[in-house]
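Worksheet for the structure shown next.
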């Protein structure tokens, strides 16, 4: 008989089975042997006549009697030293089969050498792979000593290399909310963490050990934003229920409930400005409103808000806001506008409006220093760095499509990019933008040059947080669950954390904040978790993975002012006794965890076991210790005696006037989450409890030594005011003006010009009370208005045909810049001329006169022929000068969704031909070229103006799919400008309102 040579896989199975048979895992060995025979993995034998026969595992053992049972273990012990001689490991002498990198048995000469820490090597013996080793490179001691010897100091980057941040690790992941957590914030000391969630709760946590300290109840909808004041005494939370609630951080008592918004609140911030005891709280909403709430830092009383309604058209929202270091706040809205407010006067005032973006402004962020700079990000694919200079806000455009010179273009260049988030580094030298293609781009804040492109995220990034004092470090997090720590100077990644939730995949990171000392940072995710990261040991975080109070989700009752009481105990939530700590299902944690609750640290053991009310057969309200059985089911005599004693005490305290409850079965117990109508005296605070509870300190106030920060904030505000006033006194440079502008510019320019001048006058009278300057500004305003009229007449007289400019595009918000006309000589205006130019320009004026005399005669003939026309014919029509939106006449906006009526358009064409307003070719009308229905759903994707009597508006309309609402490839154009004609273009929302209205004769 011939013996078949078995393969290496079959031989390995044999060695494993023999190894299991020689050890304690006898059952595993028996199962493995049965499966080897079932799947015919035992080598077959050949007979002398060439036939194959199956072989049992026992036959296989008899055939290989020369192989001992521990043969596999011996082989593994021999492999390590042999490979160590060929390729030395990172830690010599450590033999392991589960190594990583240079400790792996499969290592090659290409493996990079990494020095492992002792703790990482020790982790190999604990059944888990080690953490990624930290490589600090060459020790910086020599360079530090040399710098100290030469200059007396050392560079911060040498003393603390950016690689030191690799030591930050996750201390604890805590499930503390039942819904997504979009808001997280530290207090001013960094010792407390606040989270606001979609479950309507705001929770307070301890940074150093992760304890749940308090729950702030009262909101009836999702939490949109939270803010802590600079004195560390108040926390304000904004919600989708249109309400702002302000709590005292020391006692968690409600201070006030602010109600002014008519829609969800989008942002809320405390103003850093200091003016005596006066402070401001600013809020923005989806109703297009900006509110400034004035409050007193001593009495904690809030006044009625100063409101700014920035709703230029229906549906406009103020989506973002940001305070400077002192007196200014910037907001961005869905109407493409950026507005700047000043808070240093008696009342807040709006000082500027900018319409530079062509799509929604999603985020604005002021710089960290008092230099009047902020950055705005928009869905038009650009970000702008704004700087106040010479009476106006000037900007540097950052194009998200820009690439580094060394990169090669790919096929994704045609994709429209959107800015999702912007941030400054700590010293304001660079601006970081997050783009919709999952990249982070680092730009120079002075010239707008692209410095680095940071890649690594797999989904959109909505969180970027700068380190509180290290300008090199930036955190980014996104919906892909990744948290990256970047070195901005090198454009390199330092550390990566991935939010993997066991059994649920990864959780998207919704917010992230650094503590004031930079030792910790906290993140919140889409599954209700709070993640605490930091340096040092995680041993203090010996807490449960799920932390809730049993009173978190109890129902509340509200009064007319929206203050709340607990429905069961009829007490204010902050005056209730210390709650019990439970898990997500409402099951209480063991007694030693109950001592983590503030107020239960020194309780007796029996007081740490929650007692729940139930109704007995006789209607008596009694308590039962959770987890114990009733007396009928074998309750101990001692427990029965305690229960009876508690019954008598509760019955005596409740009295006959206690509310009756529907009967229940014997032993029926409420859950820990909801204990409706079972208000036991052990759950209601006594006067002594209330007195002790009112003296508790949940969040400590800022120490007296840190009140120097208040003087610093006041100094920054004064610096900003002086810088602003200095730039206001400077005269702007002369600039070329033109008549061809987009519709939005022509609509807003007249109104915004008067508003800006009046705001400057108001701010001048309040910021710098100089009467002479006020008179000068009034004269400049008058001169500007007269010069603008002269400029319109002179410029419009040179163009009687259609403008070459067209902003037609397939997507609204692109290519909306007006054309640059280099053929026209710029008009010199008195308010823009400087004294130096007047003194040095006498000879230049004479030369210009001679040049004008040498001009060609045809141009003079044209001017003489146009001089006989009425100047009013060249003025723009009234509808194009409107600054307030009306239902009729319809003024088109880029991106408007309309209903087009063919019959109305035909009547309009007939009216134009009868009035002979302008020439129309009937054959080119859209109903002759396209199969139009009586009414079509369209979208404005292009606007073009023809200046010169009459001024016409030409629209390009793209068809919208009636089912999906998306644009199709078909479009048509039409002219629209004639007074006293019924509109044949109606906004979609007005059309829908008219359809839903119950019209009656």
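The values are calculated or read from the model by the stated rules, or taken from the named source; none is laboratory data. Predicted model only: the values in this text are computed from it and were never measured. With ideal geometry, Cβ positions are generated from the backbone for all residues, glycine too; neighbour counts draw on all protein chains shown.
Just checking, does the stretch 40-51 include any residue being at pLDDT 85 or above and not in a loop (DSSP other than H, G, I, E, B)?
No; the residues of the stretch 40-51 include none that is at pLDDT 85 or above and not in a loop (DSSP other than H, G, I, E, B).
Filter the stretch 484-515 for residues that are farther than 16 Å from residue 167 by Cα and under 20 Å from the mean Cα position of the chain (by Cα) and give the result.
499, 506, 507, 508, 509, 510, 511, 512, 513, 515
Among strands (runs of 3 or more DSSP E) lying entirely in the stretch 906-1000, which contain 1 or more residues that are under 20 Å from residue 313 (Cβ atoms) and at pLDDT 85 or above?
Result: 935-946, 952-960, 985-987.
Name the residues in the stretch 923-963 that are exposed (fewer than 13 other Cβ atoms within 10 Å of the Cβ) and closer than 17 Å to residue 984 by Cα, would you?
Listed by number, the residues that qualify are 933, 934.
Quick check on the stretch 367-379. Is at least one of its residues assigned to a strand (DSSP E or B), touching a residue at least 40 places away in the same chain (Cβ under 8 Å), over 20 Å from the mean Cα position of the chain (by Cα) and within 18 Å of residue 307 (Cβ to Cβ)?
No: the stretch 367-379 contains no residue that is assigned to a strand (DSSP E or B), touching a residue at least 40 places away in the same chain (Cβ under 8 Å), over 20 Å from the mean Cα position of the chain (by Cα) and within 18 Å of residue 307 (Cβ to Cβ).
Taking the criterion of being within 13 Å of residue 17 (Cβ to Cβ), touching a helix residue (DSSP H, G or I) at 6+ places or on another chain (Cβ under 6 Å) and in a helix (DSSP H, G or I), would at least one residue in the stretch 58-66 satisfy it?
The answer is no; no qualifying residue exists.
Residue under question is residue 24, and the condition is that it be assigned to a loop (DSSP other than H, G, I, E, B) and either surrounded by 11 or more Cβ atoms within 10 Å (Cβ to Cβ) or in contact with a helix residue (DSSP H, G or I) (Cβ under 6 Å, 6 or more places away or on another chain) (or both); does it hold?
So residue 24 does not fit the description; no.
Among the residues in the stretch 282-304, are any touching a residue at least 40 places away in the same chain (Cβ under 8 Å), within 30 Å of residue 897 (Cα to Cα) and touching a helix residue (DSSP H, G or I) at 6+ places or on another chain (Cβ under 7 Å)?
no
How do the strands (runs of 3 or more DSSP E) wholly within the stretch 265-342 filter down when requiring 3 or more residues that are surrounded by 19 or more Cβ atoms within 10 Å (Cβ to Cβ): which remain?
Strands (runs of 3 or more DSSP E) meeting the threshold: 265-270, 278-285, 289-296, 318-323, 328-333, 338-342.
So residue 609 ticks every box in (1) touching a helix residue (DSSP H, G or I) at 6+ places or on another chain (Cβ under 7 Å); (2) modelled with pLDDT of 85 or more but one. Which box is left unticked?
The failed condition is (2).
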